[in-house]
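Novice: Just passing along the structure, written as structure tokens.
The values are calculated or read from the model by the stated rules, or taken from the named source; none is laboratory data. On a predicted model such as this, the values are computed, not experimentally measured, just so you know. Neighbour counts run over all protein chains shown; Cβ positions are idealised from the backbone, glycine included.
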Amino acid sequence: MSDAETNVGSDTVADSSARTESAEEVTETTGRRTVDEPILQVDDLVKRFGGITAVDGASFQVERGTITGLIGPNGAGKSTTFNCITGVYTPNEGSVVFEGTDITGRDPYQVANQGLVRTFQIARELPEMTVLENMMLAPKNQLGESLWRSVAPIARRDVVEQEEELRERAWEMLEFFEIDHLAGEYAGNLSGGQRKLLEMARALLTDPEMLLLDEPMAGVNPSLEKKLLSHIHELQDQGYTFLLVEHDMDVIMNHCEHVIVMHQGTVLAEGEAAEIKANEEVIEAYLGGEV
């Protein structure tokens, strides 16, 4: 493992420990939740578009520190559910609770600030900015976002110091994902797989508790897919939680501890991969009679 990977791993482990201690403190002072409770709870979620019900009473939970798969045929409601969880859509009914806080209907930036961050099936990098510049946009609460701090001489020193720290973190994350050699490249010139690595690296700079990955392996060649999965497992070991929508059944069955199956806007089944693989309803509705 490189020094950069060690640094990133140490930082993320420290962040994970801090998150756990914080959750335990909340329990001691208020009794509202414990670290053993689900990090994400979705209850009776409904989303309609005119006369079409895309999500119809979906309920599930995601345990802290797991890699959970969300699968289903096209039109099952997976992406709409993701969008309702992350604030892109406001659900018509139901609730989304993250880390003990009801985040139903909050704006995407508010959800992200809570520590719930998503990536997209088609990576949404800023193509005319370099990879490093894309990374530098991600961290929250940057002093340079304030006009007066950017121009006032004394305050400007704080801005410069913070930018140096953020740049160092960005470089370490790029090295962790092994795309530091692309730091000066325009993001629009990256391959599909490289864009997925950039998007995940950028998401981690927001200091999330949980990442929702929408088709993370789509358009990724086998070599980069293996690398991306390896990084996901490393991050899981450091305390991060993942919920991913993925059509690659090998990825789901071999890398997810828990699998949720959606069909026609509802949760058809859920359980361990082996249970889902043997579930006749799932086989009939989604897997076409053979896994």
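Novice: Is it fair to say Val159 is under 28 Å from Pro73 (Cβ atoms), modelled with pLDDT under 85 and not hydroxyl-bearing (Ser, Thr, Tyr)?
Specialist: Against the criterion (under 28 Å from Pro73 (Cβ atoms), modelled with pLDDT under 85 and not hydroxyl-bearing (Ser, Thr, Tyr)), Val159 does not qualify.
Novice: List the number of the failed condition for Arg118; all other conditions in (1) in contact with a Leu (Cβ under 6 Å, 6 or more places away or on another chain); (2) closer than 18 Å to Met262 by Cα hold.
Specialist: That leaves (2) as the condition not met.
Novice: Kindly evaluate Met253 against the criterion of being aliphatic (A, V, I, L, M) and either outside any helix (DSSP H, G or I) or not assigned by TED's automatic domain parsing to the domain that holds Thr119 (or both).
Specialist: No; evaluated as a whole, the condition is false for this residue.
Novice: Taking the range 218-240, which residues are in contact with a Pro (Cβ under 9 Å, 6 or more places away or on another chain) and touching a residue at least 60 places away in the same chain (Cβ under 8 Å)?
Specialist: Listed by number, the residues that qualify are Ile232, Tyr240.
Novice: Now a separate question. Which members of the range 55-74 meet the condition of being touching a residue at least 40 places away in the same chain (Cβ under 8 Å) and either within 18 Å of Pro108 (Cβ to Cβ) or not in a strand (DSSP E or B) (or both)? Spell out how you get there, then give the answer.
Specialist: First pass over the range 55-74, keeping only residues touching a residue at least 40 places away in the same chain (Cβ under 8 Å): 55-60, 62-73.
Val55, Glu63, Arg64, Gly65, Thr66, Gly72, Pro73 - these are the residues of the range 55-74 that are touching a residue at least 40 places away in the same chain (Cβ under 8 Å) and either within 18 Å of Pro108 (Cβ to Cβ) or not in a strand (DSSP E or B) (or both).
Novice: Related question: Does Ile71 satisfy the criteria of being assigned by TED's automatic domain parsing to the domain that holds Gly239, crowded, with 21+ Cβ neighbours inside 10 Å and within 13 Å of the chain's Cα centre (by Cα)?
Specialist: Values: assigned by TED's automatic domain parsing to the domain that holds Gly239: yes; crowded, with 21+ Cβ neighbours inside 10 Å: yes; within 13 Å of the chain's Cα centre (by Cα): no.
So Ile71 fails the test.
Novice: Next question. When you check Leu287 against the structure, is it modelled with pLDDT under 90 and either surrounded by fewer than 21 Cβ atoms within 10 Å (Cβ to Cβ) or not aromatic (Phe, Trp, Tyr) (or both), yes or no?
Specialist: So Leu287 passes the test.
Novice: Being closer than 30 Å to Thr130 by Cα, touching a Leu at 6+ places or on another chain (Cβ under 6 Å), of a type outside the set (Phe, Trp, Tyr) and in contact (Cβ under 8 Å) with a residue 24 or more places away in the chain narrows it down to one residue among Gly193, Gly188; which is it?
Specialist: Exactly one residue qualifies, and that residue is Gly193.
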